[in-house]
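Taking it in order: structure first as structure tokens, then the write-up.
Bear in mind these aren't lab numbers, they're just calculated from the coordinates by the rules spelled out. These numbers were taken from a predicted model, which means no experiment stands behind them.
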Amino acid sequence: SEYASVITIGRQYGSGGSELGQILADKLGYNFYDKEIIEMTAGTTGYSSNYVGEHQESLTNSLLYDLVNHMYTFPETEAPKDKIFDAQSKVIREIASKGHCVIVGRCADQILKDRTDCLNVFLHAPLTNRIKRVMSKKNLTEKEAKNLILKEERRRADNYHYYTRQIWGASANYHLSLDTSLGYDYVMDVILETAKRLK
């Protein structure tokens with residue numbers, strides 16, 4: 001292939017990173033994995049196969065997300081967060097080994113750091129841009145949007161640091177760190193140009 005086999009995308013909440021990842025995957029003809037899909041594969045470890053079987057058809061992203069969040073609140077003995085993370089890491093490695101994929105979030109840049117064919121990107125944007133975006137996407141007031149962004153940022157940063165001992169968003173962890181407010185087309189061009197260097 002002309003491009004890096006695997007592209008991981010870390011992103012600030014409200015920067016449009018997930019959407020950009022989807023566009024990128026479509027452009028390259030790659031498989032696209034956002035956190036819900038990976039969490040679903042890993043998340044099934046906390047449920048009986050019957051339960052998953054019965055609900056497989058109705059496992060929409062939002063329902064899935066609720067299930068996984070619910071799992072995180074179980075007592076440690078029942079579903080340790082670490083067990084879920086280990087399962088997710090295994091899934092991410094398996095997905096990456098098949099190649100031709102874009103993976104969003106889930107510390108994928110660190111989990112796959114030994115792969116030379118993996119391009120790691122971090123997408124960010126000024127807070128004002130992100131607030132506007134979240135306000136329109138989630139139909140929230142400015143204050144609600146800002147609070148949601150800050151809460152989500154803290155969760156991502158804590159999670160990343162807990163598992164990788166690295167600082168989330170620190171530029172040295174990525175090949176590219178880009179501001180999405182520069183425009184999707186520009187950001188996409190830079191990612192694609194760079195992806196050619198890691199094939």
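Show log10 I(q)/I(0) for segment 122-199 at q = 0.14, 0.16 Å⁻¹, two decimals, from a solvent-free Debye sum over equal Cα scatterers.
-0.60, -0.76
If the cut-off is a Cα-Cα distance under 28 Å, which lysines reach Lys90, setting aside same-chain residues fewer than 8 apart in sequence?
Those lysines meeting the cut-off are Lys27, Lys35, Lys81, Lys98, Lys113, Lys151, Lys196, Lys199.
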